[in-house]
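Reading through the structure tokens given below for one structure.
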Amino acid sequence: MKNCKTPQRQRILFVYIMVCLLSLSLTGRLAYLMVAKADYYGQKAKDVQQRERAIKAKRGVIYDRNGEILAGNKPVSTISVIHNQIKEPEKVITRLSELLDLDEQEVRKRVEKVSSIERIKANVPKETSDKIREENLAGVMVDEDYKRYYPYDTLASRVIGFTGADNQGIIGLEVSYDDILQGQNGAILTMTTARGLEIDGKAEERREPVAGQNLYTSIDSNLQQFATQAAEKVREAKNAAGVRVIMMNPQNGEIYAMVNSPEFSLTKPYELVDQSKNLSEKQKNEELNKMWRNGCVSDTYEPGSTFKIITSTAALEAGAVSLNDTFYCPGFKIVEDRRIRCHKAGGHGSETFVQGVQNSCNPVFMEVGARLGVGGMFRGMRQLGILSKTNIDVPGEASTIMHQQKNVGAVELATMSFGQSFQLSPIRLLTSVSAVINGGHSIVPHFGVSIENTSNGSVRKLSYPQKKKIVSKETSENMKMILESVVTEGSGSKASVEGYQVGAKTGTSEKLPRRSGKYIASCIGFAPADNPKVLTVVLIDEPEGIYYGGTIAAPVVSELLDNALPYLGVKKTPQKQTKK
């Protein structure tokens, strides 16, 4: 028999085997694409054949504690053009430029641009978009949208914040709760040809948007208006650079009002309050950032004598002082090579610790600070949270600017004891004072109270870190008694409110650089003194003329409490006689 494995037959066999392998490979690949990757390539084909236009989701509403709208939504439209569908370009350019009040060349540039879809203008009022619809211009799309609106305009502007062109939060609660307030956009899907033309007779596919969730806050629009009016009045009367006010519930940290006067317009957030300056673009941006800054949270200052609340609490907790300890004030105290004065040039003479607080006597507090020592002072500040952030639910909280403990000498300790040589934010100080007067438990200051799901109406209450006991009940009761006596017998008499027991501490601090003649007058007040429902702080920045906190800030505290207490349903009680 002849050998059949000739070279020719071997080549044919090899080719046959290769063809079989290639066919199997192609069949396997085809099966993979048609079965395993069917969904993927089906979606790819759909993407090519469909044009998607977004339907903006309605942003969640921000409410005050009474259900009043602080930030809502107004229906508007977005006007766009699809280049391949435009039949009368000149008419489209002319009518859109007229109806939208836009430069004709700018509209022409967008209309003639070859793209799948080109936006002409967003946030178009409904009345205008209805007119454009009536024009029935081929290639012009009118899509529904929402624009943020603020019924109170300037009220609590730095707290509420505002949104950008795409409805994303920029500052304030709008950005803190952006993930909650933002909804999920929907879409209109239209079948198109390879040239981008819509296919007649093919129905549009609509994917409905999901609205954002609503935020209920602790802000009380009425108390916010009371506080704003009081701040504006004293700012104008004293021609001050600014006035800051916070009103809160010291028991649970809910903030009723927060004012940074002058406020800005939330409907026109890019317009400076002071437009008298001729600024470059860079300078304008810097001024806008300053204008948007929430000074109650993001700015620090020397607290002055209001910090004596903290020093007193730390000393009582440490047992470094008792209520009846006696001191002597000659009008100054020598600390190392420094002669540090009391505000009363002739001195207060002999006085108890309680009288030292009533008189806001610096030599008494320098002595108390020395008794505490550096370690004791820092332990007290840590205990009351002074060296930590409060974690308030608005962005940009400033940290306390404090000496390093190892660098604190006798002079630094002396000045720290009465609130100088370091800085903290107003919200930080008020949060620590809350623990002093609420029975001794820590709180987290906050605006957010609950979240409402707009789909099913369910409400979820927001939770904050559990309260911790950081001050003994005895010290808290003693501090409330002492601070009430500051109003009835001491330097805080102008914070009194007829029919209510009020506790307060005033302060006056000189701004840096020293001897600049610029001061911050402040006062912290609360009522009822035995069971506080409202705690407030007022800071008047760079007042003209008289600048003492007890003279110009304490009356504002009195006015605020006089409005707030009856409004909150707090009944009057006999007031202890104020010492004249």
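The residue of the range 439-458 that is most open to solvent (accessible area, probe 1.4 Å), among those that are farther than 30 Å from Ser509 by Cβ, among the hydroxyl-bearing types (Ser, Thr, Tyr) and assigned to a loop (DSSP other than H, G, I, E, B), is Ser455.
Checked against (1) at pLDDT 95 or above; (2) within 36 Å of the chain's Cα centre (by Cα); (3) surrounded by fewer than 23 Cβ atoms within 10 Å (Cβ to Cβ), Pro303 passes all but condition (3). Among the residues making up the range 527-541, a single one is touching a Gly at 6+ places or on another chain (Cβ under 8 Å), in contact (Cβ under 8 Å) with a residue 60 or more places away in the chain and assigned to a loop (DSSP other than H, G, I, E, B): Pro532.
You will find that of Gly545, Gly499, Gly525, the residue that is open to solvent by 20 Å² or more (accessible area, probe 1.4 Å), of a type in the set (Gly, Ala, Ser) and out of contact with any Cys (no Cβ under 8 Å at 6 or more places or on another chain) is Gly545 and no other.
Looking only at the range 231-255, residues that are of a type outside the set (A, V, I, L, M, F, W, C), under 16 Å from Glu544 (Cβ atoms) and touching a Lys or Arg at 6+ places or on another chain (Cβ under 8 Å) come to 1 in all.
Collect the residues in the range 247-287 that are aromatic (Phe, Trp, Tyr) and in contact with a strand residue (DSSP E or B) (Cβ under 9 Å, 6 or more places away or on another chain), keeping them in residue-number order. Selection gives Tyr256 alone. So for the range 430-438 (the condition being in a loop (DSSP other than H, G, I, E, B) and either of a type in the set (Gly, Ala, Ser) or within 19 Å of Val394 (Cβ to Cβ) (or both)), does at least one residue qualify? No, the range 430-438 has no match at all. Inspect the range 316-325 for any residue being over 18 Å from the mean Cα position of the chain (by Cα) and open to solvent by 80 Å² or more (accessible area, probe 1.4 Å) and give the result as yes or no. Taking every residue of the range 316-325 in turn, at least one turns out to be over 18 Å from the mean Cα position of the chain (by Cα) and open to solvent by 80 Å² or more (accessible area, probe 1.4 Å). The condition (being open to solvent by less than 30 Å² (accessible area, probe 1.4 Å), of a type in the set (A, V, I, L, M), closer than 23 Å to Ala553 by Cα and part of a loop (DSSP other than H, G, I, E, B)) is satisfied by just one residue among Ala257, Ala240: Ala240.
State yes or no: is Met381 closer than 24 Å to Ile427 by Cβ and either at pLDDT below 95 or aliphatic (A, V, I, L, M) (or both)? For Met381, the condition - closer than 24 Å to Ile427 by Cβ and either at pLDDT below 95 or aliphatic (A, V, I, L, M) (or both) - is met. Within the range 459-496, being open to solvent by 30 Å² or more (accessible area, probe 1.4 Å), of a type in the set (A, V, I, L, M, F, W, C) and within 19 Å of Ser312 (Cβ to Cβ) holds for Ile470, Met481.
Residues in the range 329-358 that are at pLDDT 95 or above, within 25 Å of Glu484 (Cβ to Cβ) and open to solvent by 60 Å² or more (accessible area, probe 1.4 Å): 2 in all. Only residues that are surrounded by 19 or more Cβ atoms within 10 Å (Cβ to Cβ), free of Cβ contacts under 8 Å to residues at least 60 places away in the same chain and part of a loop (DSSP other than H, G, I, E, B) were counted across the range 370-407, and they come to 1. Of all residues in the range 129-154, exactly one satisfies the criterion of being open to solvent by 70 Å² or more (accessible area, probe 1.4 Å) and at positive phi, namely Asn136.
Hey, does the range 73-80 have a residue that's over 31 Å from the mean Cα position of the chain (by Cα) and not hydroxyl-bearing (Ser, Thr, Tyr)? Checked against the condition, which is being over 31 Å from the mean Cα position of the chain (by Cα) and not hydroxyl-bearing (Ser, Thr, Tyr), the range 73-80 yields at least one hit.
For the range 93-128, a tally of residues being open to solvent by less than 50 Å² (accessible area, probe 1.4 Å) and either part of a loop (DSSP other than H, G, I, E, B) or touching a residue at least 24 places away in the same chain (Cβ under 8 Å) (or both) returns 10.
Within this structure, Leu266 passes the test of being in a loop (DSSP other than H, G, I, E, B), buried (at least 24 other Cβ atoms within 10 Å of the Cβ) and either hydrophobic (A, V, I, L, M, F, W, C) or modelled with pLDDT under 95 (or both).
The values are calculated or read from the model by the stated rules, or taken from the named source; none is laboratory data. Owing to the predicted nature of the structure, the values given are computational and were not obtained by experimental measurement. So basically every Cβ, Gly included, is an ideal-geometry build from the backbone, and we count neighbours across all protein chains shown. Accessible surface areas use protein heavy atoms only, side chains included; no ligands, DNA or RNA. Shrake-Rupley method; radii C 1.70, N 1.55, O 1.52, S 1.80 Å.
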